[in-house]
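Asks: Have a look at the structure that comes next, please.
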Protein chains: 2
Amino acid sequence: MNAPEKITLFTLNGWSAQQLAAVEQALSRWVAGPADAPAPAGLGDAMRYAVLDGGKRLRPLLVLAACEAVAGNAQAALRSACAVELIHAYSLVHDDMPCMDNDVLRRGKPTVHVKFGQAQALLAGDALQALAFELLTPDDDSVDVATQAKLCRMLAQAAGFQGMAGGQAIDLASVGRPLTSEQLHEMHRLKTGALLQASVMMGAACGASSQAKQATPAAQRALRDYGAAVGLAFQVVDDILDVTADSATLGKTAGKDAAQDKPTFVSLLGLQASKDYAQQLLAQALASLQASGLKNTNALHALADMLVNRAH
Amino acid sequence: MNAPEKITLFTLNGWSAQQLAAVEQALSRWVAGPADAPAPAGLGDAMRYAVLDGGKRLRPLLVLAACEAVAGNAQAALRSACAVELIHAYSLVHDDMPCMDNDVLRRGKPTVHVKFGQAQALLAGDALQALAFELLTPDDDSVDVATQAKLCRMLAQAAGFQGMAGGQAIDLASVGRPLTSEQLHEMHRLKTGALLQASVMMGAACGASSQAKQATPAAQRALRDYGAAVGLAFQVVDDILDVTADSATLGKTAGKDAAQDKPTFVSLLGLQASKDYAQQLLAQALASLQASGLKNTNALHALADMLVNRAH
């Protein structure tokens, strides 16, 4: 009766718990330097506050799941997982600042600028972005240089003007203006979709140097499609939850988009049609996984499902 | 009488003019995307405004001069030159914002947040940092992947919490507080020194893959020392000019450090001792060049001299 159970079926909770333990440990080790050489003058505190002890870590999980699907380099994947999370975390820090969304609550805690002041928040965000690229380029042989360069390229493109920052600029310009469905899609494809998709593709890129298991071009394309569908679904669900959930459940201020007259999928399509759309995107994502021909896609499958059917 | 003169002597003006033409053209091509796929919603305008048509381009010139000294890959050097300038430019954009230095004038023009608003300035800075890493990782064979990875690592470290961002955090915490000479040095070693030194070392790293011309470890160390001396001298001279030059000459608000009660080399050492110190650092930089054993150091020599003896 006390013998350990043998777990044979994949469960997302079990898998995630294992992956997240590694991610949290790595983040804790890498964010803002070792104990004997910490980031100076409170910067390290602000950086750690922005990153540690909070967040669903969806992007790291996508990286790790995609790496698993291609049986890639686990060290490269762990570094990539942390790097995408740092980019995500920095974007939240800057996005919350008074000149942007002016949000005071994030993950149920005061936002970084409320806690540390605007100047420190600005710097912490900047330093987190730099650290993301530092993590991707270790000065040892744990990640081959071709993969290092490729991961940096993918992350830089996903974070920059053709990705997240570009999407945020469209978002800024869109407040109080009606957007067409096409414009709304474009905004979200860049603002949140690019980094989510990059998470999947970076995980897949961690397999690039293991010739035997390298994903075929068709599998790469399928993972790209999966990433695009999942990235868009995430935002549709975010828009739905902004209307249907309360602040305590979300860990951030609910109803904010509507209050700021920001265009959302719900305001454009209506609530029910948005829910249908999210399910349709989930089906697309799962179909892409099937088309990839990759065997070990349990985690990618379960993550897509969780992401669309989440309550917060 | 009309026959072209044969130029046999190195002149910094002649060399710089040629290098800067290439840098300006490259920045103009690379900042915020091609004409048919520009950065969206005004973001590209803010990015270009922050980078183009202004600045001494000291960091790019240091990259190119160091690459020349090791006969490195010119394409890698040009990308590195632009990347360090993008990091410098983004830091100025963020540094000028109201929550930091609240400066309204930069290079004789309204600062980015005055011209485009704070939110767009924040995003433009963020996007410029990402673009720096994108430039270092071209998806072709112009720069070998080992050099790409190394350049990303060097730039990330110089820009992050162990470099520029860390120095800015110390700066933030230092306003109105007396610093020791050691603390002031540490602040500037990080805040401005790290990126200037990285410019030199990145230029030198562009020679890493050309076996025949690769700088010896001794030469690498000498260039590192040169970069450290030049980086520190730059800040000492900046502090001197903040006291001795006027805003029109500087292209930014003069006397600002004293007005904000910021510790400077002049406030710590006095004006004459600061001038002596700058000359002493110049002598150190030139001695390091000599010790490097590298032949083609004309440009590095002239840049150090110009940097210390500049009037703005």
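Asks: Give me the net charge for the shell around B:Q168: Cβ to Cβ below 9 angstrom, other residues only, Lys and Arg +1, Asp and Glu -1.
Replies: That works out to -2.
Asks: Right, here's the next one. What is the mean number of Cβ atoms from other protein chains located within 10 Å of the Cβ atom of each residue in peptide B:277-284, rounded to a whole number? Show your work: numbers first, answer last.
Replies: Details: counts 0, 0, 0, 0, 0, 0, 0, 0.
Across B:277-284, the average partner-chain Cβ count within 10 Å equals 0.
Asks: Which of A:M164, B:M202, A:M100, A:M306 has the fewest other C-beta atoms within 10 Å, and how do the rest follow up to the most? Mind dumping the intermediate values first?
Replies: Values: A:M164 29, B:M202 33, A:M100 19, A:M306 15.
Result, fewest neighbours first: A:M306, A:M100, A:M164, B:M202.
Asks: Using helices alone, what [θ] at 222 nm do you get for chain B, with -39,500 (n - 2.57) per DSSP H run of 4 or more residues, divided over all residues and rounded to the nearest 500? Intermediate values should be presented prior to the final figure.
Replies: Details: 16 runs with 207 residues, N = 312.
Rounded to the nearest 500, it is -21000 deg cm²/dmol.
Asks: Okay, moving on. At a 10 angstrom cut-off on C-beta neighbours, averaged per residue, how do the peptides A:269-281, A:143-155 rank from highest to lowest?
Replies: On the way: A:269-281: 15.9, A:143-155: 24.1.
Per-residue mean Cβ counts within 10 Å order the peptides as A:143-155, A:269-281.
Asks: Under the convention of a label 7 Å out along Cα→Cβ, give the distances in nm from B:A22 to the same position in every other copy, shortest first.
Replies: Label point to label point, same position, other copies: 4.3 nm.
Asks: Separate question: With the cut-off at 27 Å, tell me which of the pairs B:K56/B:K191; A:K150/B:K109; B:K109/B:K262; A:K191/B:K150; A:K56/A:K275; A:K150/B:K191 have Cα atoms farther apart than that.
Replies: Details: B:K56/B:K191 18 Å; A:K150/B:K109 38 Å; B:K109/B:K262 24 Å; A:K191/B:K150 29 Å; A:K56/A:K275 21 Å; A:K150/B:K191 29 Å.
Check vs 27 Å cut-off fails for A:K150/B:K109; A:K191/B:K150; A:K150/B:K191.
Asks: Still on this structure, I have one more. Which whole number in µm²/s is D for the protein assembly as shown by Stokes-Einstein, with the Kirkwood Rh taken over Cα pairs at 25 °C and 0.890 mPa s?
Replies: Values: Rh = 25.3 Å.
Approximately 97 µm²/s, per Stokes-Einstein.
Asks: Please get the size of the charge dipole for chain B, origin at its Cα centre, with Cβ charges of +1 on Lys and Arg and -1 on Asp and Glu, quoted in debye to the nearest 20.
Replies: Working: 25 positive and 29 negative charges, 89 e Å.
Here the size comes out at about 420 debye.
Asks: Once you sort the root eigenvalues of the Cα gyration tensor of the range A:14-308 as a ≥ b ≥ c, which label holds: rounded (a/c under 1.5), prolate (a/b larger than b/c) or oblate (the other case)? Show your work: numbers first, answer last.
Replies: Values: a/c = 1.78, a/b = 1.07, b/c = 1.66.
It is oblate, given that a/c is not under 1.5 and a/b is not larger than b/c.
Asks: If neighbour count is taken as other Cβ atoms inside 10 Å, put B:H188, A:H312 in order from fewest to most.
Replies: Working: B:H188 23, A:H312 12.
Exposure proxy ranking, most exposed first: A:H312, B:H188.
Asks: Dipole size in debye (nearest 20) for the protein assembly as shown around its Cα centre, Lys and Arg Cβ +1, Asp and Glu Cβ -1?
Replies: On the way: 50 positive and 58 negative charges, 116 e Å.
The calculated dipole for the protein assembly as shown is roughly 560 debye.
Asks: May I ask for the Kirkwood hydrodynamic radius of the range A:11-89, worked out over all distinct Cα pairs and given in angstroms to one decimal?
Replies: Working: mean 1/r = 0.0764 Å⁻¹.
Result for the range A:11-89, one decimal place: 13.1 Å.
Asks: Right, next: Peptide B:39-48: average number of partner chain Cβ atoms within 10 Å per residue?
Replies: Numbers: counts 6, 14, 11, 4, 10, 3, 0, 1, 4, 0.
Per residue, the number of nearby Cβ atoms from other chains is 5 on average.
Asks: Let me ask something additional. Skipping prolines and chain starts, which residues have an amide H placed within reach, meaning under 5 Å, of the one on A:R106, given they are 5 or more residues away or on another chain?
Replies: Those qualifying (amide H under 5 Å, at least 5 residues apart or on another chain) are A:T111.
Asks: What is the mean number of Cβ atoms from other protein chains located within 10 Å of the Cβ atom of each residue in peptide B:153-159, rounded to a whole number?
Replies: Numbers: counts 9, 3, 5, 10, 6, 2, 7.
The shielding value for this peptide is 6.
Asks: A follow-up question, please. When Lys and Arg each count +1 and Asp and Glu each count -1, what net charge do the other residues less than 11 Å away from B:V63, Cβ to Cβ, add up to? Kindly include the intermediate steps, with their values, before the conclusion.
Replies: On the way: positive: B:R57, B:R59, B:R79; negative: B:E68, B:E85.
Here the count lands on +1.
Asks: Have a look at A:T297, A:Q183, A:G117 and report the one farthest towards the positive end of the charge dipole of chain A, computed about the Cα centre with Cβ charges (Lys/Arg +1, Asp/Glu -1).
Replies: Going by the Cα projections, it comes out as A:T297.
Asks: Less than 14 Å Cβ to Cβ from A:S80, Lys/Arg counted +1 and Asp/Glu -1: what total charge do the surrounding residues give? Before the final figure, lay out each step's value.
Replies: Details: positive: A:R57, A:R59, A:R79, A:K150, A:R153; negative: A:E68, A:E85, A:E134, A:D144.
Local net charge: +1.
Any read-out appearing in this document is the output of simple, stated calculations on the displayed coordinates, not a laboratory observation. What you see is a predicted model; the values in this text were computed from it and never measured. For neighbour counting, all protein chains shown are included, and Cβ atoms are generated from backbone atoms with ideal geometry for every residue, glycine included.
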